[in-house]
1. Can you list residues from other chains, or at least 5 along the same chain, whose modelled amide H is less than 5 Å from the amide H of A68?
2. Fully extended, how many nm does the chain gain between D190 and N93 (0.36 nm per residue separation, minus their Cα-Cα distance)?
3. Whole-Hz ³J(HN,Hα) for each residue in the stretch 84-93, computed from phi via Karplus 6.51 cos²θ - 1.76 cosθ + 1.60 with θ = phi - 60°, x for glycine and proline: what do you get?
4. I need the helices of the chain that pass two filters: whole DSSP H segments spanning 18 Å or more by Cα along the axis, and mean Kyte-Doolittle score no lower than -0.5.
5. Label the stretch 1-85 by shape, choosing from rounded, prolate and oblate, from the square roots a ≥ b ≥ c of the eigenvalues of the Cα gyration tensor; if a/c is under 1.5 it is rounded, and otherwise prolate applies when a/b is larger than b/c, oblate when it is not.
6. Does the stretch 45-176 come out rounded, prolate or oblate, given a ≥ b ≥ c as the square roots of the eigenvalues of its C-alpha gyration tensor, rounded meaning a/c under 1.5 and, failing that, prolate meaning a/b above b/c?
7. Whole-Hz ³J(HN,Hα) for each residue in the stretch 202-207, computed from phi via Karplus 6.51 cos²θ - 1.76 cosθ + 1.60 with θ = phi - 60°, x for glycine and proline: what do you get?
8. Could you name the aspartates and glutamates in cross-link range of K9, using Cα to Cα under 20 Å and dropping any fewer than eight places away on the same chain?
Amino acid sequence: MKKIANYQKELKSSILHLQRKELQKILKVQSEIIRAIHNFTALKGIINVPPLMLSPVTDPLSHSVYNANIEYAGNKFSLMKSMIFHKQLLMTNENIDSIYIVSPNVRLETKERKNTGKHLFEFTQIDFEFKNKDREFFLNFMEELIVFIFRSLNINVPKELLELRGSLLKIPGSFKRYTSGELKKKYGEDFEKIASEKAKEPFWIFDHKREFYDKEDMKNRGHYINYDIIWPEGFGEALSGGEREYEYKNIVRKMEENKNDKEQFKYYLKVARSGILKPSAGGGLGLERITRFVTKIKDIADITAFNRKPFSKIIF
Ligand code: ASN
């Protein structure tokens, strides 16, 4: 009996979640974000690559999540955590030099991430990669894109913005740039959160020690040519990305330092060893996170029609 009663409670809350009055407005704003990204990439001649959900190789991530594996027809697949390696592999095609992917990612987050307000165990990121480009190119591209998105929202969904966030979006100027080291000195271990709470405009944080594929600065070892965009007003991380390691010797050295399982990456390593990986820079913008920021909704679970909060009971 109790089980049925619990089930009824969860069913009711799922239906209430789905039938919320604001949902249509939130999804309308989110649709406009996606449309603005498609419009901007079309103007820039960037090619869209459809996403993959299963692969023997996916992002090792710099924080631990539960594994999500599927065996099929003699293949061992992981559900996609990010398409970073596929983006690098696409760059080996001579005729492809800039791509974007509307990429669903599954990351089965641990319990500590249940109530952060910014984690879902499946979400969408808009992933970009540019061949033979560097950090500076990517920073300018992203700033231009975010301004384009905000302008499109102000023009196309002003009513929804006023109702959800109480104002139109302020168009940000050039984003300030900080290093993780300088912010850590100022604010301590929780620097990202505190800096986000204090900020009024989105800003960059450079130089994070994380996955092996982000490029180390060989002129300043122990520092990395990577970057995050942080939303202001406490909304936290918006995007992460970096220039990429593409040379076999550096990839192997970084994998050893990070204690990645080389066996799992054996075909990627063979490709790297053959010397066909190219220098590139890219990053991924969290779709639900940008929607959350522009709608000023505290809990990211409230952005979605179907709740995907870590460690929730899921009915649909
Ligand atoms: N998409 C990110 C990147 O391009 C990687 C990630 O999602 N962890 O760097």
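Each reported figure results from applying straightforward, stated rules to the coordinates on display, with no laboratory input. A quick note: this is a predicted structure, and the numbers were derived from the prediction, not measured. FYI the Cβ positions are ideal-geometry reconstructions off the backbone, even for glycines, and counts take in every protein chain you see.
1. Here L79 satisfy the definition.
2. Using 0.36 nm per residue and subtracting the Cα-Cα distance, I get 30.8 nm.
3. 3, 6, 5, 4, 5, 5, 4, 5, 7, 6
4. 23-44, 135-156
5. Values: a/c = 2.90, a/b = 1.16, b/c = 2.50.
Verdict is oblate for the stretch 1-85.
6. Note, shape of the stretch 45-176 comes out oblate.
7. x, 8, 9, 10, 9, 6
8. D302
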